[in-house]
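Contents: one structure, followed by commentary.
The numbers here are math on the coordinates, done by the rules we state, and not lab data. Treat the numbers as computed from the prediction; the structure is a model and nothing was measured. Virtual Cβ from ideal backbone geometry, glycine too; neighbours counted across all protein chains shown.
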Amino acid sequence: MHAHRQRYTLTDDYELRMAIPRDFPTGTVEVIVLSDEAADANQDWIRAQQARDLNVFFDLLNALPPSGRSIDEIDRQVREERDSWE
């Protein structure tokens, strides 16, 4: 097994460019990326990304045409489904 270890900078656009020494064997390799930052340092960014993803989902739901069923029809179908579980 060969290993190459060197520090690189991850850019704001999350692109990583690596230069591997020419004497490194070609073929399939495994890349593991480790951060020097604590794992919880990005929690605010993760929460913001999840909120954006949820907003995209809600936008998609709002763009769908209505099903044409009434609230009573949907409630009845849900009730029938739940009753079938017993």
Restrict the search to region 1-77; then list the GluC sites (Glu not before Pro) that DSSP places in a loop and that have at most 12 other Cβ atoms within 10 Å of their Cβ. E15, E30, E37
So what is the diffusion coefficient of region 39-84 in µm² per second by Stokes-Einstein at 20 °C and 1.002 mPa s, using a Kirkwood Rh over Cα pairs? 156
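Where the only charges are on Cβ atoms (+1 Lys, Arg; -1 Asp, Glu), what is the dipole of the chain about its Cα centre, to the nearest 20 debye?
Its charge dipole is roughly 440 debye.
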Hey, got a sec? Which trypsin sites (Lys or Arg not before Pro) in region 1-70 land in a DSSP loop and have at most 15 other Cβ atoms within 10 Å? R5, R7, R17, R22, R69
Relative to the first principal axis of the alpha-carbon coordinates of the chain, what is the inclination of helix 71-84, with its axis defined by its Cα atoms, in degrees from 0 to 90 and to the nearest 10? 80
Compute the angle between helix 43-63 and the longest alpha-carbon principal axis of the chain, please, reported from 0 to 90 degrees and rounded to the nearest 10. 40
Of the candidates T28, Y14, W85, the farthest towards the positive dipole end of the chain (Lys/Arg Cβ +1, Asp/Glu Cβ -1, centred on the Cα centre) is T28
If the elastic network links every pair of Cα atoms under 10 Å, which of A19, A51, A63 fluctuates the most in the Gaussian network model of the chain? A19
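So for M18, M1, fewest C-beta neighbours within 10 Å to most, what's the order?
Numbers: M18 9, M1 4.
Least to most surrounded, the residues fall as M1, M18.
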Labelled set (1) 13.2, 41; (2) 24.9, 71; (3) 12.4, 34; Rg and Dmax of the Cα atoms in Å computed from this model equals the value at (2)
For the chain the chymotrypsin sites (Phe, Trp or Tyr not before Pro) that pass both the DSSP coil test and the at-most-11 other-Cβ-within-10 Å test are Y8, Y14, W85
Most fluctuating residue given options L61, L34, L16, as computed from a GNM of the chain linking Cα atoms under 10 Å: L16
